[in-house]
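The structure under discussion appears below in the form of structure tokens.
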Amino acid sequence: MTASGRSGPLAGIRVIDLSAVVSGPFATSVLADQGADVILVEQPQSPDVVRQSGPSVPSADGVSAFWASMNRNKRAITLNLKEDRGRAILFELLGAADVVVQNFRPGVMDRLGIGWEVLHERFPQLVMCSISGFGPDGPYAGRPAYDATMQCVAGYPSIQADRDGTPRLMATIVCDKVTSLNAAQSICAALVARSLGGGGQHIELAMIDASIHFLWPDAMWGDTYLDHQSDVPDLASIYKLYPTKDGWAIVYAISTDNQWQSMCRALGRSDLAEDPRFADLQGRLINGDLVNDELVIETARFTTAEIVSLMESADVPAAPVNTRRTMIDDPQVRHRDILVESDHPSAGRIRSARPPAKFSATPSTWFGHAPVFGQHTDEVLAEILALSTEQIDQLRNDGIIV
């Protein structure tokens, strides 16, 4: 897999990815899916821990299920950045790149001699995105940052708490992934600014910033007004699922007056339709617990399919609560071809989600499988730096690459 022949809105953009785990690699996977030539750099003696995270088998050769989903369409090389020759090669690669992404702990890049000031002076058109847990300074700056700890600092578990007040983590790495999406968008914004004559720039992105920004609009609406008070409870108190005869469903009829009235008619509940407490959205929000209590009674009279069908006929938002398996088989998921299957050379048959954005003029395409460790080292060094086989062999003998 070479850089040539790529398509997508970012075709022609080259990204050097020094990041690891999730917050950086998931961001660069978005860029790779959209056509960028992403070259991920791993340390010769330290493969990314995600290679062995989640489902993995020896025959997959370091391509775990987790790794496969976040690293398709990339090229992987090894490069010892602790050695002068390794850093010299990195400088050469950056001279042929547009973007560099890193998520070392604050200060590591500077100690290696490849911090922003050095890079910007040498490569004034380069865009650098530095991702950290808590930012480069402050009382938490030196702490290790993982999604679970970030959720706790940002307040996610308290918002997920049940009625008994027990806090609960969101069972997905939401802080990692929302940081990644912010990184991908910010990198594209910086590239637009560069195209308009702004030159390269440094993007400093902290997981704590992205996590709270993502949380704020709805989960923190009670802390938004500083000069006013409101009786509206947190959205968490009214965002509920309802049991059915054979499972669970969501019926969400509080948003508009028309939907509320339509739901009441479909359920034969004229008393709810005429109740002044539920006459408008503010009332339904303030009395959300009462709404939920009534809906629990109603949905229990139906199977999941029956209540969803009844609400659909009334033009009321409703859906079954899918399991992982039923989500994969959901008719709309299948109709949209959201999930794709491919044959990985070492990991075997794999399933993944396609890039979500569909571009009419520059469609994203599949370029290559998630790479095994160091798979493209020789290819990249020969293609971009024009190194000979002998030079590459010498680097390998010297421990600069593997």
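Each value in this text was obtained by applying a stated rule to the coordinates, not by laboratory testing. Every value quoted in this text rests on a predicted model; they were computed, and no experiment measured them. With ideal geometry, Cβ positions are generated from the backbone for all residues, glycine too; neighbour counts draw on all protein chains shown.
Values as computed for the structure displayed
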| quantity | calculated |
| --- | --- |
| Net charge dipole size for the chain [Lys, Arg +1 and Asp, Glu -1 on Cβ; Debye, nearest 20] | 800 debye |
| Angstrom value of the Kirkwood radius, inverse mean 1/r, which spans all Cα pairs in the range 99-208 | 15.4 Å |
| Given charges at beta-carbon only (K, R positive; D, E negative), |dipole| of the range 242-320 in Debye | 100 debye |
| Among T256, A193, L31 the positive-end extreme of the charge dipole of the chain (Cβ point charges) | L31 |
| Cross-link reach list, aspartates and glutamates versus K177, counting only Cα pairs under 18 Å and skipping chain neighbours closer than eight places | D17, D33, D48, D147, E204, D209 |
| Among beta bridges that DSSP assigns inside the chain, antiparallel share in %, nearest 5 | 35 percent |
| Rounded FRET efficiency, nearest 0.05, which uses the C-beta distance separating D329 from E306 and R0 of 25 Å | 0.80 |
| Shape parameters for the chain, alpha-carbon atoms, Rg then Dmax in Å | 25.3, 84 |
| Residue with peak Gaussian network fluctuation, the chain [Cα springs, cutoff 10 Å], from V178, V380, V308 | V308 |
| Stokes-Einstein D for the range 242-320, Kirkwood Rh over Cα pairs, 37 °C, 0.692 mPa s (µm²/s) | 268 µm²/s |
